[in-house]
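Structure, as structure tokens:
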Amino acid sequence: MEDNPWKLVKRTRAYENPWIAIDHDDVINAAGNPGIYGVVRFENLAIGIVTLDQNGYTTLVGQWRYPLERYSWEIPEGGGPKGEAPIEAAKRELLEETGITAKKWTKLLEMDLSNSVTDERAFLFLAEDLSEGTAAPEETEVFQIKRLPLAEAVQLVLKGEIRDSMAVVGLLAAERFLNQR
């Protein structure tokens, strides 16, 4: 079914800050009954980068994730304004978080994150032909950087030790892409 069975009756902006907005929608649901729906709307696109150096190593970024109340190992990630090309945001985020620049970029995929409650879209890239530089994280970003073989990072995904959705999909997609070329 490609026609929208949902009907918007009224939208109220319940909350807004520079990064997200939350809408409370009064709706007629897919069954034809009155209902409500809450939608988190993101101001930026989500950007994730899997790095691969000449020895087959990738870079993970570790940080405390406030909403989860736990530490998380992830690929370098960030946000890009919707008017900016996602590849430009990826280059900026990789440099900012890790100090790495790349000469070769491949778009791995686009995906929707948690599409039952948010409109957030993600773009995942593979960065190769790397050069090291100096990271310049934002004041709220306190990172640890870990380099390990891509195959080892994929094993951490499969063991459930890497759980961030963009990191999981990005690492698996990068491994598949590399195995097919």
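For the reader, a short list of remarks on this structure follows.
- Whichever residue in region 79-111 is β-branched (Val, Ile, Thr) and not in a strand (DSSP E or B) and, among such residues, is surrounded by the fewest Cβ atoms within 10 Å (Cβ to Cβ): Ile87
- Verdict on Ile47 being within 25 Å of Asn179 (Cβ to Cβ), surrounded by 12 or more Cβ atoms within 10 Å (Cβ to Cβ), touching an Asp or Glu at 6+ places or on another chain (Cβ under 6 Å) and of a type in the set (Val, Ile, Thr): yes
- Meets criteria (part of a strand (DSSP E or B), out of contact with any Gly (no Cβ under 9 Å at 6 or more places or on another chain) and within 29 Å of Gln155 (Cβ to Cβ)) for Gly35: no
- Lone unmet requirement of (1) more than 28 Å from Lys7 (Cα to Cα); (2) at pLDDT 95 or above; (3) in a strand (DSSP E or B) for Leu45: (1)
- The residue of region 120-137 that is farthest from Arg176 (Cα to Cα), among those that are surrounded by fewer than 16 Cβ atoms within 10 Å (Cβ to Cβ) and of a type in the set (Gly, Ala, Ser), is Ala136.
- Unmet requirement for Gly160, which otherwise passes all of (1) part of a loop (DSSP other than H, G, I, E, B); (2) surrounded by 13 or more Cβ atoms within 10 Å (Cβ to Cβ); (3) at pLDDT 95 or above: (2)
- When the test is whether a residue is of a type in the set (Ser, Thr, Tyr), under 18 Å from the mean Cα position of the chain (by Cα) and surrounded by fewer than 15 Cβ atoms within 10 Å (Cβ to Cβ), Thr140 passes it.
The values are calculated or read from the model by the stated rules, or taken from the named source; none is laboratory data. As the structure is a prediction and not an experimental result, all values here were calculated from the model. Every residue, glycine as well, gets a Cβ built from its backbone with ideal geometry; the counts of neighbours run over all protein chains shown.
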